[in-house]
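Here is the structure we will look at.
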Amino acid sequence: MEFEKVIERVQKMLESPLPGRVGQLSMSPRPVDESRFGNMVPDDVRKGAVLILFYPDKSNAFVPFIKRPSYDGPHGGQVALPGGKWDDTDADLSFTALREAEEEIGVDAAKVELIGNLSDLFIPPSNFLVRPYLGFINQKPKFVPDPYEVDRIIQCQVNQLIDKKIRKEGEIVVRGNYKLQAPYFDIDSEMVWGATAMMLGEFMYLWENVKV
């Protein structure tokens, strides 16, 4: 899909009320953890932000994902959106999303134009409340992955991302032994599931229901 048309559609769809739980739930692991929703977020929650970044490549629109290195932690080896923890020197969460994207994948934050944000999502395993931001950059970035935080960058064409055929469900093995059933996005032979998939679920709900 052409870059300009994607940006126009995203701008239009963010004029609508955010579906929140309704959109996120479509890609939630089973059984659903209700602590992710409503007023069940703990007082000591940590805040963070991620960036859904659109960029052009030969007129087509793309979005970058990162695969995290394998490590002994709740998100080791998983595919995610660039982003991370709010720092008390950050002006706000949008600054967090841009700063982390610059640090993790080398995108020039000053060149990113933010469109808006999706609903906050609580991630119980790491006690984070994460806000996804959507933005775009008018030229394909020269990606520079941080080797400590990024194993590789996955460049996903929006045409693929919106294709319902890549939405699947299967068994996920977590931390070596715990198994669960979860819907996921099959992107570049990677299972994109959990919080990232739930954020994309809300994005897809808006994308498919916007009136253009």
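The values are calculated or read from the model by the stated rules, or taken from the named source; none is laboratory data. Here the structure is a predicted model, which is why all the values come from computation and not from measurement. Note that we place each Cβ from the backbone using ideal geometry, even for glycine, and neighbour counts take in every protein chain shown.
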Extreme residue, farthest from K5 (Cα to Cα), among residues of the stretch 151-166 that are in a helix (DSSP H, G or I) and of a type outside the set (V, I, T): K165
Residue list for the stretch 81-92, filter: surrounded by fewer than 21 Cβ atoms within 10 Å (Cβ to Cβ) and hydrophobic (A, V, I, L, M, F, W, C): A91
Identity of the residue in the stretch 104-123, over 30 Å from M40 (Cα atoms) and in contact with a strand residue (DSSP E or B) (Cβ under 8 Å, 6 or more places away or on another chain), that ends up surrounded by the fewest Cβ atoms within 10 Å (Cβ to Cβ): E113
Number of the condition not met by E169 [criteria: (1) surrounded by 15 or more Cβ atoms within 10 Å (Cβ to Cβ); (2) in a strand (DSSP E or B); (3) of a type in the set (D, E)]: (1)
Of residues in the stretch 131-145 being surrounded by 15 or more Cβ atoms within 10 Å (Cβ to Cβ) and out of contact with any Phe, Trp or Tyr (no Cβ under 7 Å at 6 or more places or on another chain), the one nearest to P69 (Cα to Cα): P145
Qualifying residue in the stretch 104-115 (condition: in contact (Cβ under 8 Å) with a residue 12 or more places away in the chain and within 23 Å of S26 (Cβ to Cβ)): yes
Elements of type strands (runs of 3 or more DSSP E) contained in the stretch 1-119, each with 2 or more residues being among the hydrophobic types (A, V, I, L, M, F, W, C): 46-57, 60-67, 113-117
Residue list for the stretch 175-187, restricted to those being touching a residue at least 60 places away in the same chain (Cβ under 8 Å) and more than 14 Å from I162 (Cβ to Cβ): R175, L180, Q181, A182, P183, Y184
Pairs with Cβ under 6 Å, 6+ apart, first in the stretch 192-206 and over 14 Å from S16 (Cβ atoms), second part of a helix (DSSP H, G or I): M198/Q24; G201/G23; G201/Q24
Test: residue in the stretch 191-207 that is surrounded by fewer than 21 Cβ atoms within 10 Å (Cβ to Cβ) and in a loop (DSSP other than H, G, I, E, B): no
Top-ranked residue in the stretch 172-183 [being in a strand (DSSP E or B) and over 12 Å from Q78 (Cα atoms); ranked as modelled with the lowest pLDDT]: Y178
